[in-house]
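Comments concern the structure below.
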């Protein structure tokens, strides 16, 4: 890594061809510099996996704390954490594979638990010393011709300083920029608030609240507010299956994860999970919710079904129109509200990247295996995913995958192959999931991990064939064959 305003261009001795070429053909990977943008759960995980094999890493963090969205009132301004937020997966599933939660941490960690855990993880693995705090990245620009030159990326920070790296990894997440529905934001004449800005219920005491949404934030906030407000209505515009946190004294996630086996058919697994939910909650329709007819991101709550059963929260299935502070519902009823709380999700936001580099289409970043922009070698995105299991597991799988391509142990497929893979993924989502911006980045974790493992095996085979060609052509297999003697490399 160099801190300079002059960009040196390293041209390859011969054309490198398609953007899927090995990133180590010209420069030894251990001489390369790597930037990671974001010191949240995904960024520090990737940094750990790169540092442990001796790679040079610098992490840029906009605020002063490690943990991203899990830091309550984070001075980065990017956290959506409310005071009562807890993780949805039990701690034995939430922790990274090689760093466990302390025994004293509760079964479903709070945001305070998560912040402490992530900070300790970064300290334990030597990541903390690589973080540049208060270093907001304002621009990431390529300074190379793909296919003809080794990747070189220029990063500019908010203080006007320029940095040059061989590889840039974006780990800024996708839960920061609120998705506003104009009808709600502009049509409602009372107080409008997106859930991103919600922290505690006290300010809403005695008010009439309409919560729009039925995702995890919506059910948490409705349960949070219903005991202090005059009236709380939750608008569930789409079908849902709300799972409990515990069943028979065990975390539901512990049970459901055991069902993710290759020998268990997908349809059977879904029926078993649906049966478990019905065993605890009964039918969703009995509580006023629409039935779930297509796949959707999991919603879990320990309390919302009791709140609905006791009429602390009233369920409506949609909004017909808004007239001032009066909301007309699809069932023909109407009520006047003081506050409309929009739990309407988030937009993917990459303000430091030009849309020409990484287009965001229909709130989806079109990436090969959810990680690689097809035309720009040396640029990776981690964490642009919604999953059926704890996100930390996904970050580890993605980190190990990215590391092998940075090291030059694997080679990406051709541009056409990557584009075809992206289109197949989009078609799968369209076929099985209900239409929603958040589902464009949805992944069934078991199948996604299998995809990563398969693509990595294929990438290693491409690299092997490349080395064979180099050997018979009189080459040495490329500079990527050299590595420190104490470096341990293994992605699976």
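Look at (1) outside the structural domain of residue 140 (by TED's automatic domain parsing); (2) modelled with pLDDT of 95 or more and you find that residue 275 fails only one, number (2).
Looking only at region 50-81, filter to residues that are over 18 Å from the mean Cα position of the chain (by Cα) and part of a helix (DSSP H, G or I); which one of those is surrounded by the most Cβ atoms within 10 Å (Cβ to Cβ)? Among them, the one singled out is 50.
Only one of 253, 293, 299 is under 26 Å from residue 188 (Cβ atoms) and at pLDDT below 90. Can you tell me which? Sole residue among the options that is under 26 Å from residue 188 (Cβ atoms) and at pLDDT below 90: 299.
Quickly run through region 374-390 and pick out the residues that are over 14 Å from the mean Cα position of the chain (by Cα) and either crowded, with 21+ Cβ neighbours inside 10 Å or closer than 21 Å to residue 40 by Cα (or both).
First, pick out the residues of region 374-390 that are over 14 Å from the mean Cα position of the chain (by Cα): 374-379.
Matches in region 374-390: 374, 377, 378, 379.
The residue pairs whose first member lies in region 321-334 and is in the same structural domain as residue 289 (by TED's automatic domain parsing) and under 13 Å from residue 188 (Cα atoms), whose second member is in a loop (DSSP other than H, G, I, E, B) and at pLDDT 95 or above, and whose beta carbons are closer than 7 Å, counting only pairs six or more residues apart or on different chains, are 324/189; 325/189; 325/190; 325/337; 327/337.
For region 154-162, check the following and say yes or no: at least one residue is under 27 Å from residue 377 (Cα atoms), surrounded by 22 or more Cβ atoms within 10 Å (Cβ to Cβ) and within 25 Å of the chain's Cα centre (by Cα). Yes. Per the conditions (1) surrounded by 22 or more Cβ atoms within 10 Å (Cβ to Cβ); (2) over 22 Å from the mean Cα position of the chain (by Cα); (3) not in a loop (DSSP other than H, G, I, E, B), the sole criterion not satisfied by residue 151 is (3).
Of 367, 407, 419, which residue is free of Cβ contacts under 8 Å to residues at least 60 places away in the same chain and touching a helix residue (DSSP H, G or I) at 6+ places or on another chain (Cβ under 9 Å)?
367
Yes or no, residue by residue, for (1) in a helix (DSSP H, G or I); (2) in contact with a helix residue (DSSP H, G or I) (Cβ under 7 Å, 6 or more places away or on another chain); (3) surrounded by 14 or more Cβ atoms within 10 Å (Cβ to Cβ):
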position: 440; (1), (2), (3): yes, yes, yes
position: 454; (1), (2), (3): yes, no, no
position: 466; (1), (2), (3): yes, no, yes
position: 469; (1), (2), (3): yes, no, no
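The requirement of being farther than 20 Å from residue 383 by Cα, modelled with pLDDT of 95 or more and either loosely packed, with under 15 Cβ neighbours inside 10 Å or not assigned by TED's automatic domain parsing to the domain that holds residue 301 (or both) is satisfied by residue 124.
Residue 363 - would you say it is modelled with pLDDT of 95 or more and part of a loop (DSSP other than H, G, I, E, B)? In short, no.
The values are calculated or read from the model by the stated rules, or taken from the named source; none is laboratory data. Since this is a predicted model, take the numbers as computed values, not measurements. Cβ coordinates were reconstructed from backbone atoms using ideal geometry, including for glycine residues, and neighbour counts include every protein chain displayed.
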